[in-house]
Amino acid sequence: MENTPSRLAIYLVGIASVFIILFGIRGTASIINPILLAMVITITVLPIPSRLTKRSIPGWLSLVLTILLVVVMLALVITTVFLSITRLSSDLPIYLTSATQKATEELPAILSGVTSQVETAQISIQVSPIAQNIITIVVGLLVQFGMALLIFFFMISAAISLPGATRLGLNPNAPVIGHISSLTEDVRHYMTILTGINFLVGLGNTVFLFILGVDYALLWGILAWFMGYIPSIGFIIALIPPLILAYAQYGLSTAAIVLIGYVLINGGVQNFIQPKIMGQGLKISPVVVFISLFVWGYLLGGIGAILAVPLTLLVLTGMENFPGTRMLAVLMRYTGDGEKKEEHQEALEEAKGFWDRIRSAVKPVEKQKSDAKDDIS
């Protein structure tokens with residue numbers, strides 16, 4: 001009986017420690033984000049130097065070519081986004097005015113009673129603060145990407161020069177080494193395939209919007225490419241700006257065509273291709289993926305939402321290496337495909353036992369409080 005309250009105290013301290021760590025991560029997000037982003041980029045492109053070396057290219061040259069490839073790609077994207085956002089911020093008042101006029105012309109029945117209110121709102125709209133906020137957010141993200149690029153230089157150089165597990169005195173057959181290899185392979189598989197899919201989706205959106213004549217088609221294609229890394233809600237975020245711009249330029253009919261096109265291109269990928277990569281390929285429950293999006297987004301902001309799946313893989317791999325958390329990791333990994341049904345059932349039984357232990361720890365405390373109240377009365 002005396003051990004029961006101490007066990008409850010251990011559980012409470014453990015939960016409090018988790019919350020302290022989470023809020024510590026949130027408080028240091030500006031420092032952690034570039035490091036995590038650089039780590040994911042390094043894991044993704046790490047096989048490229050070895051493949052170049054196999055083609056009789058010197059090691060130092062393969063490293064330089066890999067770094068140049070990443071730098072050129074990110075530099076092009078960053079330059080395009082920054083220039084497009086700068087131009088868009090200056091054109092934003094024109095699009096807002098056009099959208100308001102089309103709303104009053106195409107929807108007279110709906111807006112007949114509030115025309116004066118729309119005109120008043122149009123006069124009071126302060127576009128400059130909106131544009132400044134957009135530029136501030138974009139510049140902040142670009143600075144984080146630039147810092148991540150600098151950290152990436154050192155990470156990939158260290159990763160290539162790092163000796164093997166045997167030369168470090170480690171057992172290459174150790175479970176921890178196997179879990180680390182599995183983690184990097186899962187992250188690489190996910191990021192490589194998803195990057196290719198997102199590139200095709202962004203290219204399709206760019207061509208589609210260019211044919212329709214929607215302005216800044218390349219910017220919206222890049223936006224769709226990046227938002228493709230955000231599961232579930234990335235498609236909606238990528239849809240809103242070109243939809244509003246199409247309506248401001250050409251009216252309701254063109255906006256409807258943009259909506260249908262995005263549903264077919266982006267929605268088809270998110271509903272049919274990405275679930276196979278995240279669920280069956282990586283063995284993560286879709287519910288866990290959806291919840292991790294909001295958790296990492298809250299803790300790390302936009303970068304956390306983009307890296308939600310790789311970071312969840314990292315956490316699950318760490319949990320699998322400890323007996324106390326392995327049960328929870330198995331439950332979060334289960335996708336219902338039946339391959340690990342027995343392990344999943346064992347984890348459920350262990351979870352029930354853990355819950356029973358918590359209840360048994362709480363009941364004596366409640367009884368002591370009840371007895372104390374009776375004594376006072």
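The values are calculated or read from the model by the stated rules, or taken from the named source; none is laboratory data. Treat the numbers as computed from the prediction; the structure is a model and nothing was measured. Glycine gets a Cβ as well: all are built from the backbone with ideal geometry, and neighbour counts include every protein chain shown.
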Residue among VAL40, VAL71 that alone is surrounded by 12 or more Cβ atoms within 10 Å (Cβ to Cβ), within 24 Å of VAL143 (Cβ to Cβ) and at pLDDT below 85: VAL71
Residue count, the stretch 74-100 (criterion: over 15 Å from TYR216 (Cβ atoms), under 22 Å from the mean Cα position of the chain (by Cα) and surrounded by 16 or more Cβ atoms within 10 Å (Cβ to Cβ)): 2
Residue in the stretch 121-139 that is at pLDDT 80 or above and either surrounded by 15 or more Cβ atoms within 10 Å (Cβ to Cβ) or of a type in the set (Val, Ile, Thr) (or both) present: no
Enumeration of residues in the stretch 193-230 that are more than 22 Å from the chain's Cα centre (by Cα), of a type outside the set (Ser, Thr, Tyr) and not in a helix (DSSP H, G or I): GLY213, VAL214, ASP215
ILE57 more than 28 Å from the chain's Cα centre (by Cα), not in a helix (DSSP H, G or I) and not acidic (Asp, Glu): yes
Lone unmet requirement of (1) under 21 Å from VAL289 (Cβ atoms); (2) touching a helix residue (DSSP H, G or I) at 6+ places or on another chain (Cβ under 8 Å) for LEU218: (1)
Residue in the stretch 227-246 that is hydrophobic (A, V, I, L, M, F, W, C), touching a residue at least 40 places away in the same chain (Cβ under 8 Å), in contact with a Phe, Trp or Tyr (Cβ under 8 Å, 6 or more places away or on another chain) and closer than 23 Å to THR86 by Cβ present: yes
Some residue of the stretch 257-277 being modelled with pLDDT of 85 or more, of a type in the set (S, T, N, Q) and part of a helix (DSSP H, G or I): no
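Kindly evaluate ILE244 against the criterion of being of a type in the set (A, V, I, L, M), modelled with pLDDT of 75 or more and assigned to a helix (DSSP H, G or I).
On the way: of a type in the set (A, V, I, L, M): yes; modelled with pLDDT of 75 or more: yes; assigned to a helix (DSSP H, G or I): yes.
So ILE244 passes the test.
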Hey, VAL176 at pLDDT 85 or above, over 22 Å from the mean Cα position of the chain (by Cα) and of a type in the set (Val, Ile, Thr) or not: no
Criterion (farther than 30 Å from GLU320 by Cβ, buried (at least 20 other Cβ atoms within 10 Å of the Cβ) and either of a type in the set (Gly, Ala, Ser) or modelled with pLDDT of 85 or more (or both)) met by exactly one of VAL207, VAL201: VAL201
